[in-house]
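The values are calculated or read from the model by the stated rules, or taken from the named source; none is laboratory data. What you are looking at is a predicted structure, and each value in this text was computed from that prediction instead of being measured. Here the Cβ is made from the backbone with ideal geometry for all residues, glycine too, and neighbour counts use every protein chain on show.
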């Protein structure tokens with residue numbers, strides 16, 4: 001939700017100042033207000049993207065960059081996607097593969113880079129494993145199912161690095177991220193694959209990294225800077241508001257810069273983070289910052305290479321009719 005200071009900055013001049021501007025200005029006020037487009041962001045109520053969006057609001061970065069941000073909380077990702085599709089919201093967050101599939105299906109979604117954080121594999125703190133080959137014969141907990149993108153990349157890495165079929169040589173247990181998190185902390189697995197923010201909590205609970213997706217991607221010749229997660233808006237909406245994609249991206253990057261250097265900014269977010277323990281708070285902060293991609297346009301070659309690997313490993317079940325990077329997927333931002 002927008003706090004009062006953020007709302008005041010986004011709304012324009014204070015009423016007391018308008019009194020001295022005269023009738024001509026007051027008559028022109030509605031037109032002035034309409035020049036600032038509204039971006040209604042549909043996000044999970046407890047999603048980590050709120051950390052950046054709330055920083056934009058708290059720092060008044062939406063007004064600074066010429067738009068008005070409104071954050072709408074939803075219970076799940078499907079509801080957020082439907083809000084954008086149905087016109088109840090303008091912006092949401094998803095991954096590059098889902099957005100590519102939507103664009104191939106005819107939806108005019110355009111992606112603005114948000115994060116490259118996906119996941120990795122952790123093991124108990126007392127595990128003797130030094131690499132994926134040491135997990136042969138063990139049980140691996142995996143959040144997101146057999147088509148989880150982190151799991152697919154780790155499978156490709158194990159094959160390339162060790163000649164190991166990670167799926168055939170381990171036992172997989174699939175479950176929701178919180179279930180995998182809790183079971184892993186109880187010592188239920190030889191290793192666990194989870195989303196980045198659960199991995200941060202698992203590290204704070206005493207587990208350690210065995211291999212990250214970024215490390216695996218780099219070893220496979222992929223560009224680890226490829227932002228797999230992005231904001232998206234409709235191309236038609238952006239066409240009606242020239243320059244809005246760059247304005248939002250500028251606000252996003254400025255929020256990232258603030259979070260990279262400001263302890264106070266993170267303390268302001270702490271109530272949203274569900275991290276009462278200092279170790280967990282520090283791990284979440286470090287994990288979020290580690291996912292910040294470099295600034296600039298997305299390299300299409302890197303994105304194509306990632307999609308090609310996903311197609312090889314996930315097949316039609318993951319990719320659907322998607323065969324190549326859809327033209328126009330990435331917003332023209334820099």
Legend entry - So residue 80, is it crowded, with 19+ Cβ neighbours inside 10 Å and in the same structural domain as residue 250 (by TED's automatic domain parsing): yes
Inset, instruction - Determine, yes or no, whether residue 313 is surrounded by fewer than 20 Cβ atoms within 10 Å (Cβ to Cβ), in contact with a helix residue (DSSP H, G or I) (Cβ under 7 Å, 6 or more places away or on another chain) and not in a loop (DSSP other than H, G, I, E, B). - result: yes
Inset, instruction - Residues being touching a strand residue (DSSP E or B) at 6+ places or on another chain (Cβ under 7 Å) and either assigned by TED's automatic domain parsing to the domain that holds residue 94 or in a helix (DSSP H, G or I) (or both): count how many of those fall in region 134-145. - result: 1
Legend entry - Looking only at region 146-165, and only at residues there that are touching a residue at least 40 places away in the same chain (Cβ under 8 Å) and not in a helix (DSSP H, G or I), the one that is surrounded by the fewest Cβ atoms within 10 Å (Cβ to Cβ): 147
Legend entry - region 282-300, subset part of a helix (DSSP H, G or I) and in contact (Cβ under 8 Å) with a residue 40 or more places away in the chain, residue surrounded by the most Cβ atoms within 10 Å (Cβ to Cβ): 284
Inset, instruction - Go through the residues of region 188-204 one by one and say whether even a single one is in a helix (DSSP H, G or I) and without any contact (Cβ under 8 Å) to a residue 40 or more places away in the chain. - result: no
Inset, instruction - Please find, within region 61-115, the residue that is farthest from the chain's Cα centre (by Cα) out of those that are farther than 27 Å from residue 290 by Cβ and in a strand (DSSP E or B). - result: 68
Legend entry - Flag for residue 214 being in contact (Cβ under 8 Å) with a residue 60 or more places away in the chain, touching a strand residue (DSSP E or B) at 6+ places or on another chain (Cβ under 9 Å), surrounded by fewer than 22 Cβ atoms within 10 Å (Cβ to Cβ) and not assigned by TED's automatic domain parsing to the domain that holds residue 62: yes
Legend entry - Residue check, residue 223 more than 18 Å from residue 50 (Cβ to Cβ), in contact with a helix residue (DSSP H, G or I) (Cβ under 9 Å, 6 or more places away or on another chain) and not in a helix (DSSP H, G or I): yes
Legend entry - Which listed residue is under 25 Å from residue 44 (Cα atoms), surrounded by fewer than 16 Cβ atoms within 10 Å (Cβ to Cβ), out of contact with any strand residue (DSSP E or B) (no Cβ under 6 Å at 6 or more places or on another chain) and free of Cβ contacts under 8 Å to residues at least 60 places away in the same chain, from 168, 176: 176
Legend entry - Boolean, residue 269 is in contact with a helix residue (DSSP H, G or I) (Cβ under 7 Å, 6 or more places away or on another chain), in a loop (DSSP other than H, G, I, E, B) and either crowded, with 20+ Cβ neighbours inside 10 Å or modelled with pLDDT of 95 or more (or both): no
Inset, instruction - May I ask you to say which residue of 264, 279, 275 is in a helix (DSSP H, G or I) and either touching a helix residue (DSSP H, G or I) at 6+ places or on another chain (Cβ under 9 Å) or surrounded by 14 or more Cβ atoms within 10 Å (Cβ to Cβ) (or both)? - result: 279
Inset, instruction - Check whether at least one residue in region 116-128 is under 20 Å from residue 224 (Cα atoms) and surrounded by fewer than 16 Cβ atoms within 10 Å (Cβ to Cβ), and report yes or no. - result: no
Inset, instruction - Those residues that are surrounded by fewer than 19 Cβ atoms within 10 Å (Cβ to Cβ) and touching a helix residue (DSSP H, G or I) at 6+ places or on another chain (Cβ under 9 Å), I need them from region 242-255; list them, please. - result: 250, 254
Legend entry - Residue within region 26-35 that is touching a strand residue (DSSP E or B) at 6+ places or on another chain (Cβ under 9 Å), modelled with pLDDT of 55 or more and closer than 20 Å to residue 233 by Cβ present: no
Legend entry - Selected residue [surrounded by fewer than 22 Cβ atoms within 10 Å (Cβ to Cβ), in contact with a helix residue (DSSP H, G or I) (Cβ under 6 Å, 6 or more places away or on another chain) and modelled with pLDDT of 95 or more] from 66, 141: 66
